[in-house]
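Student: The structure follows.
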Amino acid sequence: VNLSELRLEASPSKDTIVDPFEDTFLYYLCAERMGPRHIQDLKHSGFDFCGFSGEYTGQVLLNFDAALPAKKLFEERFFETKPDTVKTLLFQVNRWINQIFPEVSVSVEKVGKVNCQILVNNSKSSRPIAAPNIGFGISYCLPIIVTGLIAAKDSFFIIENPEAHLHPQAQSRL
């Protein structure tokens, strides 16, 4: 969608203005996304959103699947749509992560009452690795994948510099 072509127009009654964004969700990830952190804060929100910098990605991963089946993922966004496909957010995130970063998956753990930690699992490592110990690529890509999977139908999703901090091979896979 070319945003410069969208215009506010007067309705036929000329008493109101027609807004092309009315009832439309907008998801936005800025270029300076939050890099790897040992912990992320948990905030209460009734709206699943990774934050403008990806700061709530851990929270979304931690809480989204707990609310199933109340929350639904759109199957057309699944990595694959076989009849036996697991329909949880974390499973689908890991399928997409593994496509971009082979042999890698992520998990999230609650730390105390108000924090969580994103862990990276690699097939070559015997235990999960804290996100700050692996670089920026996965941390920058994770909110893109999560938001892409949870975004409301017919919403706008704007990503500044989706390729930031990614190896060229991961950029082409994204």
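Student: Hey, any idea what % of the stretch 49-173's accessible area is carbon plus sulfur with a 1.4 Å probe?
Tutor: 54 percent
Student: 7 Å from Cα along Cα→Cβ at both K153 and S172: what's the point-to-point distance in nm?
Tutor: 3.5 nm
Student: Can you check what the net charge comes to around S53, using other residues whose Cβ is under 14 Å from the Cβ of S53 (Lys, Arg +1; Asp, Glu -1)?
Tutor: -1
Student: Given points 7 Å out from each Cα along the Cα-Cβ axis, report the N121 to A164 separation in nanometres with one decimal.
Tutor: The two pseudo-label positions are separated by 2.9 nm.
Student: Can I ask one more? Using a basic spin-label model with each label point 7 Å from the Cα along Cα→Cβ, how many nm lie between F74 and C30?
Tutor: About 2.6 nm, to one decimal.
Student: Please tell me the relative contact order of the stretch 60-163 in percent, rounded to the nearest whole number, where contacts are Cα pairs under 8 Å and at least six residues apart.
Tutor: Result for the stretch 60-163 is 23 percent.
Student: Let me see the P(r) profile for the stretch 103-174: every Cα-Cα distance counted, bins of 10 Å, each bin given as a percent of all pairs.
Tutor: 16, 43, 33, 8, 0
The values are calculated or read from the model by the stated rules, or taken from the named source; none is laboratory data. The structure displayed is predicted, hence computed values, not measured ones. Don't worry about glycine lacking a Cβ; one is built from the backbone with ideal geometry, like all the others, and counts go over all protein chains shown. Just so you know, the surface numbers come from the protein's heavy atoms only, side chains and all, with ligands and any DNA or RNA stripped out. Shrake-Rupley method; radii C 1.70, N 1.55, O 1.52, S 1.80 Å.
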